[in-house]
Amino acid sequence: MSGTGSEIGNDQYLLIIGAMKCATTSLFSYLAEHPAICPAAVKEPEYFSNQVRVHDTRNRIAAYAELWDFDPDRHAWAMEASTGYTKHEEPEAPGRVAAHGLRPRLVYAVRDPFARIESHYNFMRRHPDWRLPITHPDLVQTSNYFAHARAWTGLFGRDALLIVDYDELIRTPLVTVNRVCAFLDIAPMHTIADSSARNVTRRPKSAPERALRRAAPFLSRLPAGMKAPVRRVLEATRPQPARLTPAERAAVAETLAPDMARLHDGWGVDVARWGF
C-alpha cells in the first residue's frame, strides 16, 4: 500500500450519502477515475449505518480509515458512497459521523421520488423474504430529500453539501462530475473512461428460477449449447417490475408534497417536473 488511512485529515472525506437508486454507484465510479480522489475499498461500507454494521459482518471494520489506500502526496479526498446514510431508518447517521470527528464534504443525488421508490422496491424484491409494500415508510420517506439534507447540513453546514440531479447525471455525466470537482476544489475531468450505467435494477428472480438455480449440479451438466436457452427461459418467468398504482402514487404525493416544496424553496430543485 502506498499510504495509510491514518494520514487522512478529518476534513478530507467525501461522502456520497444517497439517495438509494439515484445512480450513486455510477457517480462513485466516475469520480474514482480522478487522480485526487481515493475511493474506498468498499463502495458502501455503511460504517455509520448501525443496522447494516450489525447484520453485515463484512462491514465490521476496526478502523474506518482502513478502507482507503490513501497517499497524501496524491490524494485530496477519501471517498465512499453509503446510501444508507439517508435512509428513513437511519436518522442517527449524521450524528455518528460528527461524533467520529469528521468534517466531510457531502454529495447527495436526488431523483423523481416516484421513480426512485419504484426502483428501490424492485431492487429489494430480489430478496425472496422481503415483504414490505411499495408504499412502506422505509421506501417513501427515503425520498424526503429536504429532510435528509437538513439533517446533515444542521451538523456540517449548508456549504458542506452539494445536491446533484439524477437526470443530469444520466444525461451528461461529465457535467455533473465536474460540478462535484468544483465543489471539492480539484481540477476538472476532461473525460470519463466508462460512462455506462452501474447497479441497474433488474427484475427479481421468480420462484421457479430460484428453485432451478438451486439445482446447480443439474444446470452445470447441461451441454454448453443448452445453457443460454435455459437461462432465457428462466429469465422469462421473472415478474414484471412493479409500478405505483394511481391510488398509491396519489398517497405518496400527499406524503411527500411538504418536503418537495421545501426542497424547491430551500435548494432550488425543480420539483414541478416530478409533478409537485
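The values are calculated or read from the model by the stated rules, or taken from the named source; none is laboratory data. Please read all numbers here as calculations on a predicted model, not as lab measurements. As a convention, Cβ positions derive from the backbone with ideal geometry for all residues, glycine included, and neighbour counts pool all protein chains shown.
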> Which residue pairs have Cβ atoms under 7 Å apart, sit 6 or more places apart or on different chains, and have a first residue in the range 156-170 that is in the same structural domain as Arg116 (by TED's automatic domain parsing) and without any contact (Cβ under 8 Å) to a residue 24 or more places away in the chain and a second that is crowded, with 20+ Cβ neighbours inside 10 Å and of a type in the set (Ser, Thr, Tyr)?
Replying inline: Glu168/Thr176
> What number of residues in the range 153-193 are of a type in the set (Val, Ile, Thr) and under 26 Å from Leu102 (Cβ atoms)?
Replying inline: 7
> If you go through the range 122-156 one residue at a time, how many are β-branched (Val, Ile, Thr) and outside any loop (DSSP other than H, G, I, E, B)?
Replying inline: 3
> Residues of the range 108-139 being over 15 Å from Cys22 (Cβ atoms) and among the β-branched types (Val, Ile, Thr), which ones?
Replying inline: Ile134, Thr135
>> Regarding the range 177-194, can at least one residue be identified that is surrounded by 12 or more Cβ atoms within 10 Å (Cβ to Cβ), β-branched (Val, Ile, Thr), at pLDDT below 65 and outside any loop (DSSP other than H, G, I, E, B)?
In response: no
>> What's the total number of residues in the range 71-107 that are modelled with pLDDT under 95, surrounded by 13 or more Cβ atoms within 10 Å (Cβ to Cβ) and over 21 Å from the mean Cα position of the chain (by Cα)?
In response: 1
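Search the range 45-70 for residues being of a type in the set (Lys, Arg) and not in a loop (DSSP other than H, G, I, E, B), and hand back the single one that is modelled with the highest pLDDT.
Only one residue tops the list, namely Arg53.
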> Quick one: what pairs do we get from the range 1-13, first residue under 14 Å from Ala40 (Cβ atoms), second modelled with pLDDT of 95 or more and not in a loop (DSSP other than H, G, I, E, B), C-beta under 6 Å, 6+ apart or different chains?
Replying inline: Ile8/Ala78; Gln12/Trp77; Gln12/Ala78; Tyr13/Ala78
> Which members of the range 29-41 meet the condition of being within 15 Å of His75 (Cβ to Cβ) and assigned to a helix (DSSP H, G or I)?
Replying inline: Leu31
